[in-house]
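What follows is one structure encoded as structure tokens, with my remarks underneath.
The values are calculated or read from the model by the stated rules, or taken from the named source; none is laboratory data. Just so it is clear, the model here is predicted, and its values are computed rather than measured. Neighbour counts are summed over all protein chains in view; Cβ atoms, including those assigned to glycine, are modelled from backbone coordinates with ideal geometry. Accessible surface is based on the protein model in full, side chains and every heavy atom, while ligands, DNA and RNA are left aside. Shrake-Rupley method; radii C 1.70, N 1.55, O 1.52, S 1.80 Å.
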Amino acid sequence: AAQQLLPKDTPLLCSPANEAAIRSKGFHHVTAVVSTHAWGDLRIHRLPGRHGTSADILQMMGEVSGFVFQAADEPTLYWVGDSVWYDEIAAAIDQWQPDVIVTHSGGAVWGSQRERAHARERIIMDAAQTVAMCHYAPRSTIIATHLEALDHCLTSRAELRQAAENAGISPAQLLIPADGETIEVRR
């Protein structure tokens, strides 16, 4: 829909892996964020992610990115993107000390329904990994997204809320928005 609705001169930011594909759709004001990009007083830092754990799945899923957004007098936001919880995410939290972290927490798995029953390899965070992040970053507000949005997301909002409650995570730290809900976080 965006390909048809957006004017072709719309400024677009993307990861380097997506730049050629976006340009091939006729967009001509495309900027790949390789490392850091300044847009007015906003600074966008591109970080790695892992869209799975096994070498085969990682190769199939390709390069993924997370982004840290910083602007004067605004909370620092880390959008983890399509990634599981792993050491580099923890290192990014240590480095950037984000006020807000947006996760994809639906526990998505790759493959057919039959394959999922056997392999169960996560390609984004599930409830346990989201809870682990909450424990790792207790001063950050975590906003869990990608729940109940796709058929291969196996973690529901209710399951995530229950796992967080069982782990002693405050509802004020872990926000689980409803579809279409707007959340405003202030510094």
For segment 112-125, how many residues meet the condition of being open to solvent by 30 Å² or more (accessible area, probe 1.4 Å), assigned to a loop (DSSP other than H, G, I, E, B) and either of a type outside the set (Lys, Arg) or modelled with pLDDT of 95 or more (or both)?
-> 3
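Take Ile101 and tell me if it is farther than 18 Å from Thr141 by Cβ, open to solvent by less than 70 Å² (accessible area, probe 1.4 Å) and not in a loop (DSSP other than H, G, I, E, B). Steps first, answer last, please.
Details: farther than 18 Å from Thr141 by Cβ: no; open to solvent by less than 70 Å² (accessible area, probe 1.4 Å): yes; not in a loop (DSSP other than H, G, I, E, B): yes.
When the stated conditions are applied, Ile101 does not pass them.
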Where a residue in segment 151-178 is under 19 Å from Val109 (Cβ atoms) and in contact (Cβ under 8 Å) with a residue 24 or more places away in the chain and its partner, wherever it lies, is in a helix (DSSP H, G or I) and open to solvent by 50 Å² or more (accessible area, probe 1.4 Å), with Cβ under 7 Å and at least six apart | Ala163/Ala128
Out of Trp110, Trp96, which single residue is in contact with a Ser or Thr (Cβ under 8 Å, 6 or more places away or on another chain) and touching a residue at least 40 places away in the same chain (Cβ under 8 Å)?
-> Trp96
Pull up segment 34-54, narrow it to residues that are assigned to a strand (DSSP E or B) and of a type in the set (A, V, I, L, M, F, W, C), then point me to the one that is nearest to Glu74 (Cα to Cα).
-> Leu42
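Return the only residue of Thr10, Thr31 being part of a loop (DSSP other than H, G, I, E, B) and either of a type outside the set (Lys, Arg) or open to solvent by 50 Å² or more (accessible area, probe 1.4 Å) (or both).
Working: Thr31 fails: part of a loop (DSSP other than H, G, I, E, B).
Answer to the check: Thr10.
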All but one of (1) at pLDDT 95 or above; (2) in contact with a Pro (Cβ under 9 Å, 6 or more places away or on another chain); (3) charged (D, E, K, R) hold for Glu63; which doesn't?
-> (1)
Select from segment 136-187 the residues that are surrounded by 12 or more Cβ atoms within 10 Å (Cβ to Cβ) and among the charged types (D, E, K, R) and list them in ascending order.
-> Glu148, Arg157, Glu159, Arg161, Glu165
Would you mind telling me which numbered condition in (1) open to solvent by 20 Å² or more (accessible area, probe 1.4 Å); (2) assigned to a loop (DSSP other than H, G, I, E, B) Ala128 fails?
-> (2)
Verdict on Arg46 being open to solvent by 20 Å² or more (accessible area, probe 1.4 Å) and out of contact with any Pro (no Cβ under 9 Å at 6 or more places or on another chain) | no
Inside segment 59-86, the number of residues satisfying the requirement of being open to solvent by 30 Å² or more (accessible area, probe 1.4 Å), assigned to a loop (DSSP other than H, G, I, E, B) and not small (Gly, Ala, Ser) is 5
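Looking at segment 136-148, can you tell me whether even one residue there is part of a loop (DSSP other than H, G, I, E, B), within 21 Å of Leu58 (Cα to Cα) and either touching a strand residue (DSSP E or B) at 6+ places or on another chain (Cβ under 9 Å) or without any contact (Cβ under 8 Å) to a residue 24 or more places away in the chain (or both)?
Scanning segment 136-148, I find at least one residue that is part of a loop (DSSP other than H, G, I, E, B), within 21 Å of Leu58 (Cα to Cα) and either touching a strand residue (DSSP E or B) at 6+ places or on another chain (Cβ under 9 Å) or without any contact (Cβ under 8 Å) to a residue 24 or more places away in the chain (or both), so the answer is yes.
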